[in-house]
Amino acid sequence: MKGPLLQVQDLHTRFETYRGTLRAVEGVSLRVARGEIVALVGESGCGKSVTALSIMRLIRAPGKITGGRVFLDGEDLLAKSEAEMRDIRGGRIAMVFQDPLSTLNPTFTVESQITETLRVHGVASGAEARSRAVELLEAMGIPAAKDRLRSYPHELSGGMRQRVMIAIAVSCQPELLIADEPTTGLDVTLQAQIMDLLASIKQERGLATVLITHDLGVVAQFAERAAVMYAGQIVEECPVSQLMAEPLHPYTRGLLRCVPRLGRPDVPISPIDGVVPDLVNLPDGCRFAPRCPAAMERCGQAIPRLYPVGGERTVRCYLHEPPDAPATAREGD
Ligand code: SF4
């Protein structure tokens with residue numbers, strides 16, 4: 001039996017700042033099967049985008065991956081040369097960002113940006129690349145695709161730019177797509193259209209996707225599994241249906257209380273008290289302890305492990321510690 005397409009093991013990424021070491025990602029482990037959509041969920045600054053950039057080996061100084069392994073179909077990406085990684089990025093792994101304007105080159109037409117990607121990755125060139133570009137735009141639901149090839153990014157609407165970016169991302173038939181807040185900043189209708197497009201691409205092409213988002217509505221609708229991140233660590237991981245029906249970690253419960261429940265006007269919306277910890281000065285023990293309504297004395301002493309709680313579910317919280325768990329926890333477990 002084939003293993004997972006993507007396997008991240010005990011990943012650590014740090015940034016050296018003038019204030020000290022910023023521990024952005026601490027012991028993150030994640031696996032994504034072929035054709036699966038896994039959401040990395042959390043507030044801004046929780047480490048989800050740094051995790052994605054680490055998978056792509058796009059962390060730049062003063063940042064550094066300080067530990068862990070990242071496997072794509074069994075190949076260790078952290079052991080690859082920079083030239084090999086350039087081939088993998090945009091080829092086997094593609095990335096879609098929140099702001100297409102920061103990714104698309106403003107000085108080149110849509111046509112040249114798509115055909116260049118196809119040429120660089122050895123997929124097609126010349127007239128064949130151009131006709132592939134038209135097909136891709138049509139597949140992304142862009143009307144008058146031939147005419148749009150001549151457009152520059154600033155001549156397109158926000159939704160259209162996002163579709164072009166997705167067209168470029170899937171142009172070389174990647175195995176894995178990393179979509180970082182792909183709909184943030186778009187209006188609700190466009191959000192739904194872009195997410196529907198990503199879901200249909202996944203369906204048609206069997207594309208595995210890591211969906212990075214703070215939006216639990218998007219998670220509920222489109223992801224199959226979710227890993228909730230808080231202050232650089234995964235605190236709960238499980239199938240999305242379980243996460244929505246019965247969140248176990250106090251932080252996940254808090255996140256869900258922050259969003260209106262469909263058809264449940266009786267459930268009040270309440271924000272999580274307190275602020276996210278400073279990643280340079282992290283609290284001892286559980287990182288959520290300063291904000292946790294259920295915190296106990298031991299929560300401030302050692303970081304809880306990710307405890308298995310049945311099936312495919314894990315929770316980093318002493319409330320869910322099995323009776324036979326070891327007495328102490330290693331940081332990053
Ligand atoms: Fe709250 Fe303690 Fe659980 Fe952390 S370990 S989430 S502080 S109960």
I'd like the residue in region 301-321 that is in contact with a Cys (Cβ under 7 Å, 6 or more places away or on another chain) and open to solvent by 20 Å² or more (accessible area, probe 1.4 Å) and, out of all such residues, is nearest to the ligand (Cβ to nearest atom).
Y318
State yes or no: is Q203 assigned by TED's automatic domain parsing to the domain that holds G35, within 18 Å of the chain's Cα centre (by Cα) and open to solvent by 50 Å² or more (accessible area, probe 1.4 Å)?
no
Helices (runs of 4 or more DSSP H) fully within region 49-164 counting 3 or more residues that are closer than 18 Å to I201 by Cα and either open to solvent by less than 60 Å² (accessible area, probe 1.4 Å) or touching a residue at least 40 places away in the same chain (Cβ under 8 Å) (or both)
126-139
Which residues, taken from region 281-293, are part of a loop (DSSP other than H, G, I, E, B) and touching a Phe, Trp or Tyr at 6+ places or on another chain (Cβ under 9 Å)?
C286, R287, F288, C292
If a residue must be without any contact (Cβ under 8 Å) to a residue 40 or more places away in the chain and not polar (S, T, N, Q), how many such residues does region 173-197 contain?
8
Does V8 satisfy the condition of being out of contact with any Phe, Trp or Tyr (no Cβ under 9 Å at 6 or more places or on another chain) and under 29 Å from R287 (Cβ atoms)?
no
Quick one: what pairs do we get from region 299-313, first residue assigned by TED's automatic domain parsing to the domain that holds P250 and farther than 11 Å from A325 by Cβ, second within 13 Å of the ligand (Cβ to nearest atom) and part of a loop (DSSP other than H, G, I, E, B), C-beta under 9 Å, 6+ apart or different chains?
none
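The values are calculated or read from the model by the stated rules, or taken from the named source; none is laboratory data. What you see is a predicted model; the values in this text were computed from it and never measured. Methodologically, a virtual Cβ is constructed for each residue, glycine included, from the backbone with ideal geometry; neighbour enumeration extends over all protein chains shown. Keep in mind that these areas ignore ligands, DNA and RNA; they rest on the heavy atoms of the full protein, side chains included. Shrake-Rupley method; radii C 1.70, N 1.55, O 1.52, S 1.80 Å.
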